[in-house]
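Presented below is the structure to which this report refers.
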Amino acid sequence: MGTKDLSTPPVLEKAQGSSQLATFAAGCFWSVELVFQRKDGVLQTQVGYTGGHDNKPSYEAVCSGTTGHAEAVRLEYDPKTISYDDLLTIFWNKHNPTQGNRQGGDIGTQYRSAIFYHDEEQKNLAEASKTKRQNNYDVPITTEIVPAGPFYAA
């Protein structure tokens, strides 16, 4: 009888029922996760790495800047309770999207701002929200808006 590896939680890959997935990077994933966990309609969250090329990223490798991954939060939410637009507002309000590869004292490509969309509707909403949010800044927003790819639990 084999033993199951419980060191890393299973990756949140599919939404259940009518729920949907969203994935955001906005600096250190722990504080980003916390702000989403506190919202009604967010059913579960998971921190991890995405957006890079290493298919077995470790914390140390991601911090080295060689994997291309960002620290991110994937969440499952109920769109009847909280909309994707609401999630985008939380995302924009959580961080400074003009800082490039950093958030405050956290410096490196893993701390970049990114929205990883799961479908065309999310892409369109993300792009529209970025355009609207740009009006709040005198410098360009550096947030990437890219397709959600493989997600690796931290």
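The values are calculated or read from the model by the stated rules, or taken from the named source; none is laboratory data. Here the structure is a predicted model, which is why all the values come from computation and not from measurement. Using ideal geometry, Cβ is built from the backbone for each residue, glycine included, and neighbour counts are taken over all protein chains shown. Protein only, heavy atoms only, side chains kept; ligands, DNA and RNA dropped before computing areas. Shrake-Rupley method; radii C 1.70, N 1.55, O 1.52, S 1.80 Å.
Nothing charged except the Cβ atoms of Lys and Arg (+1) and of Asp and Glu (-1): what's the magnitude of the dipole of segment 28-77 about its Cα centre? Round to the nearest 20 debye. Could the numbers behind the result be given before it?
On the way: 4 positive and 6 negative charges, 15 e Å.
Here the size comes out at about 80 debye.
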Expressed in square angstrom to the nearest 10, the accessible area of residue 39 with a 1.4 Å probe stands at 80
Using the Karplus curve 6.51 cos²θ - 1.76 cosθ + 1.60 with θ = phi - 60°, what ³J(HN,Hα) values do you get for each residue of segment 70-75, in whole Hz, with x for Gly and Pro? 9, 6, 9, 10, 9, 9
Most mobile listed residue (38, 74, 133) in the chain, GNM with C-alpha springs under 10 Å: 38
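Net charge near residue 66: determine it from the other residues with C-beta under 12 Å of the C-beta of residue 66, scoring Lys and Arg +1 and Asp and Glu -1. Spell out each step's value before the answer.
Numbers: positive: none; negative: 54, 60.
Result for the local shell: -2.
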Aspartates and glutamates whose Cα lies under 20 Å from that of residue 56, excluding same-chain neighbours fewer than 8 positions away: 5, 13, 71
When Lys and Arg each count +1 and Asp and Glu each count -1, what net charge do the other residues less than 12 Å away from residue 47, Cβ to Cβ, add up to? -1
Per principal axis, descending, Cα span of the chain in whole Å: 60, 39, 26
Leaving out ligands, DNA and RNA but keeping every protein chain, what accessible area does residue 53 have, in Å² rounded to the nearest 10, with a 1.4 Å probe? 140
Once the dipole of the chain is set up with Lys and Arg at +1 and Asp and Glu at -1 on Cβ about the Cα centre, which of 26, 53, 83 lies farthest towards its positive end? 26
